[in-house]
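Okay, so here's the structure we're looking at.
Derivation of every value follows stated rules applied to the coordinates shown; laboratory data play no part. Computed from a predicted model, the values in this text were never measured in an experiment. Neighbour counts run over all protein chains shown; Cβ positions are idealised from the backbone, glycine included.
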Amino acid sequence: MDVFGLLHLDELSHGLANLSMFPYFDMAHYIVSVMALREQPGALEVSRVSPLACWFSSMLFCFGGAVLSGIMLAEPPVAPLTNSTSVLLASVIWYLVFYCPMDLVYCCAALLPLRLVLSGMKEVTRTWKVLGGVTQAHSKYKDSLLVMIAIGWAKGAGGGLISNFEQLVRGVWRPETNELLKMSYPTKITLIGAVLFALQQTHYLPLQKHHLMLLYTMFTVINKSRMMLTGSSTSPFAAFESAIYKTLFTGYSPYAALTGEVKKACIDNGTTNEMTSTSTTKESSENRAVGKSSPASPVRGQSESLKAKEESENAETTDCKKTN
Amino acid sequence: MDVFGLLHLDELSHGLANLSMFPYFDMAHYIVSVMALREQPGALEVSRVSPLACWFSSMLFCFGGAVLSGIMLAEPPVAPLTNSTSVLLASVIWYLVFYCPMDLVYCCAALLPLRLVLSGMKEVTRTWKVLGGVTQAHSKYKDSLLVMIAIGWAKGAGGGLISNFEQLVRGVWRPETNELLKMSYPTKITLIGAVLFALQQTHYLPLQKHHLMLLYTMFTVINKSRMMLTGSSTSPFAAFESAIYKTLFTGYSPYAALTGEVKKACIDNGTTNEMTSTSTTKESSENRAVGKSSPASPVRGQSESLKAKEESENAETTDCKKTN
Amino acid sequence: MDVFGLLHLDELSHGLANLSMFPYFDMAHYIVSVMALREQPGALEVSRVSPLACWFSSMLFCFGGAVLSGIMLAEPPVAPLTNSTSVLLASVIWYLVFYCPMDLVYCCAALLPLRLVLSGMKEVTRTWKVLGGVTQAHSKYKDSLLVMIAIGWAKGAGGGLISNFEQLVRGVWRPETNELLKMSYPTKITLIGAVLFALQQTHYLPLQKHHLMLLYTMFTVINKSRMMLTGSSTSPFAAFESAIYKTLFTGYSPYAALTGEVKKACIDNGTTNEMTSTSTTKESSENRAVGKSSPASPVRGQSESLKAKEESENAETTDCKKTN
């Protein structure tokens, strides 16, 4: 608090905490979300074939967090539809982005300076959504840190977490990838935010709410702008993640366990490790032969099949770089 | 109202509104629904391999609307099971349609005159279901037109809307098609009904409820009979839909945008349109090569893969034509 | 009761009924569940690539029943997360089974004697879970036998019933198989338990609750031990099932109906049976050609594709046999 006082940030954080998301920040969120949908491979074709599926998909991009957290808390997932103004606003934006004469709206919004501003504003709404989710969970489940984190995360990154089912609406099915198997940057940053706000809510984090809001918002906005301007998609937590991963999830029995060490360790009682790896190989080779989507070893083939998704995820960043 | 009075339809509409769906109309609904399931490709095989999966699938055909609207309103999706009489009735019909000695029940019910009557009666239940959904949503969310439409639609056309998951029960997965991407006639007529009843409920439509019920029921029954007798599957709204589509969803930037015009318009800032279309092509050619279900461009391949579904959707109509 | 009195089992059954599942039996359930996940093909690879997806999958294995019954009763599916102690315990076990140095925990627990004890203890928790589900449904829906059975089944065998979606978390998608199409032994025994406890709860079964608990627990534990020791995966109900199947689901129109008899019976009105079988064949041959996952006739191809699953399901049994 002292630091905040010294830097005269107290007023700023209060001002930010009292900021209303509606209508400007919400609009920015809708625009950026619908543009992200439009940049998904195949989305434009769907928009021509079935405007209804396209609209429904857009709504899932815009209100996915509310829908997912609603389901998780056993509250009506149709609730977002009750807010007619928001739905109308999002629908108008959906219409303009996809069907505007001369494609004016999309072309303008895709210009780097405007897109930078819109993306920054969208990041601001993330803070509000995560905090909303955490608060909502706190009011229902007083002392459950895990539920708070889950709901905050779902509310802030819902669109990404339900992406498999959003894609299904558009007739696309990519079971080999999801946000849990390979988290994108927005999902990661939202998870971190949910953890921080949940810790603040339960007073494990000695920070005032509006200070945390200011810090988190500044971090997300600055980081997003940096990523868009430099075109890099490297996460700022890469080193940290790597360290945690190496410490916790490799231990003494690294991935080689699959092929070598465990065989020696468990050779006497013939554990399933061997069996599993054999059956995996057999099955995946069968799959290759008959051409089914490989259910057994999604990880190996993933590097290729994820490329397309990666590209579309980073599209926001990369093509803004191109616009320079 | 004057017109209704003149034509002496007032009493008729009151009589219709007081009609009880149980047991005869409900029975007709179950018979037609279970027969529609039986005519799905592969359903008969599933009925021999796993009667339980077949039964569960039948229940989703019969009570899909109640299940879906239950989920959407955060009410227990098992609720339909509490009505033992209905479940028992539907189960008996499921058993008779699938396992009756000599296949007597199915063969009889598939005769055109009987099927015509049963299908007509099933259409009558649609009115009640849509109205039930709209009323239920109205009692929860007073002034939200969108929620009323959504719930009315879900309740009336639930079986179709959840068809992807109903198929999954039978081990079938066709992600490239769903009712939002390509609406079937029953889904369309139910959506229109939901809109009309929601407008009536909120007094935007200056009609009395029982008059609207009579009009809507007559329209659906007559239209269904016409479609079954002539064997045509053309929607009566085709011209209307086409006009709306051309007005709203093509604008100045038609589908050609994907390939030509946008390139010129946005050539300077190198938008993703180009990128997207390129990656789409690349990915879909890859998919063809490795034989995966094409996630990137579901639309192109759809015409082929939809054929089977189309056939089964229209089976009711087409094979009744054959029976002439 | 007399028999129970004579055999001095009354006290034993009372003692069992008052047994606390936490922590030892719950722990055994978590260990066996997480080991079952680890023995799924591809699971070890996922655990290296994305610990989070692996953790989430493990939680679905451990708490799948609570999640599924929560969804079915419109109660928050995040509720299991509120029990921090259980989640923590399950998470520690997940960590130890997957990432323990030298793979010590898995190797030890996979030793036959220990695995036998753990599996037996897990079977005991099944009784409590089924009973919990039936009681919960009874308190909500007084007289609905079907709902009680459904919830009891869901709570006891949730992990299996949602396996399609649990696999999706790990990037695996096998639509051609699910627990309804081909029930595994645990799912079957849970269904029977749910039926028995529901009948007891509604007083159709003249047995006291603690007596039924003793009988059911003894049956499941002894049967599981037998299966693990002999390595057989034959269900003890095979003969009974076969008799029911032959009586009810073949009747006078056996599977041959598809190819022969129905044609004769319905030859005059050209039913869809012929059409269906033709289109099925056509479609499935198309599928084979283009290499899609066969949506039309999942049953034919199932015998092959199910093998892998069968193996993993029985892995628990088979590799314990090997350890002898």
- Can you pull out the trypsin sites (Lys or Arg not before Pro) in segment A:74-152 that DSSP calls coil and that have at most 11 other Cβ atoms within 10 Å? A:Lys142
- Message: Only counting other Cβ atoms within 10 Å, I'd like A:His8, B:His14, C:His211 sorted with the fewest neighbours first.
- Response: A:His8, B:His14, C:His211
- Task: Please check which bits of segment B:117-146 a label hung off B:Ser225 would reach, taking the label as a point 7 Å along Cα-to-C-beta and the cut-off as backbone N under 15 Å.
- Result: B:117-125
- Item | Too-long pairs where the Cα-Cα distance tops 27 Å, listed order kept, from A:Lys122/B:Lys142; B:Lys155/C:Lys182; A:Lys188/A:Lys246 | A:Lys122/B:Lys142; B:Lys155/C:Lys182
- When N is the residue count of segment B:1-124, what does its C-alpha Rg come to as a fraction of 2.2 N^0.38 Å? 1.26
- Message: Over all directions, the average projected area of the alpha-carbon convex hull for segment A:156-207 comes to how many nm²?
- Response: 4.2
- Task: May I ask you to report, in nm to one decimal and beginning with the shortest, the distances from A:Val92 to the same position in the other copies, taking label points 7 Å along Cα-to-Cβ?
- Result: 5.7, 5.7
- Message: At 7 angstrom along the Cα-to-beta-carbon line, where would the label on B:Val117 sit relative to the other copies? Give the distances in nm, shortest first.
- Response: 7.0, 7.0
- At 1.306 mPa s and 10 °C, Stokes D of segment A:195-251 from Kirkwood alpha-carbon radius, µm² per second: 117
- Task: Divide the volume of the convex hull of the Cα atoms of segment B:44-184 by its number of residues and quote the answer in cubic angstrom per residue.
- Result: 128
- Message: Can you tally the net charge around B:Ser86? Count Lys and Arg as +1, Asp and Glu as -1, for every other residue whose Cβ sits under 14 Å from the Cβ of B:Ser86.
- Response: 0
- Check: segment A:104-174 dipole with +1 on Lys, Arg Cβ and -1 on Asp, Glu Cβ, in debye: 60
- Task: Could you please report the charge total around A:Pro76, scoring K, R as +1 and D, E as -1 over all other residues with beta-carbon less than 13 angstrom from its beta-carbon?
- Result: -1
- Item | Rg followed by Dmax, in Å, when segment B:19-64 is reduced to its Cα trace | 11.7, 40
- For A:Phe22, go 7 angstrom from Cα along the Cα-to-Cβ vector, then report the distances to that same point in the other copies in nm, smallest first. 4.1, 4.1
- Query: In segment B:136-212, which chymotrypsin sites (Phe, Trp or Tyr not before Pro) fall in coil by DSSP and have 15 or fewer other Cβ atoms within 10 Å?
  - Reply: B:Tyr204
- Note on the structure: Note to self: C-alpha centroids of segment C:175-204 and segment A:170-238 sit apart, in Å, by 43
- Task: With a point put 7 Å past each Cα toward its Cβ, work out how far A:Ile192 is from C:Leu205 in nm, to one decimal.
- Result: 5.4
- Message: Please compute the average number of Cβ atoms from other chains found within 10 Å of each residue's Cβ in peptide B:103-116.
- Response: 3
- Note on the structure: A correct fewest-to-most ranking of A:Leu111, C:Leu44 by other Cβ atoms within 10 Å would be A:Leu111, C:Leu44
- Tally Lys/Arg at +1 and Asp/Glu at -1 over every other residue whose Cβ is under 13 Å from the Cβ of B:Ala17; what's the total? -1
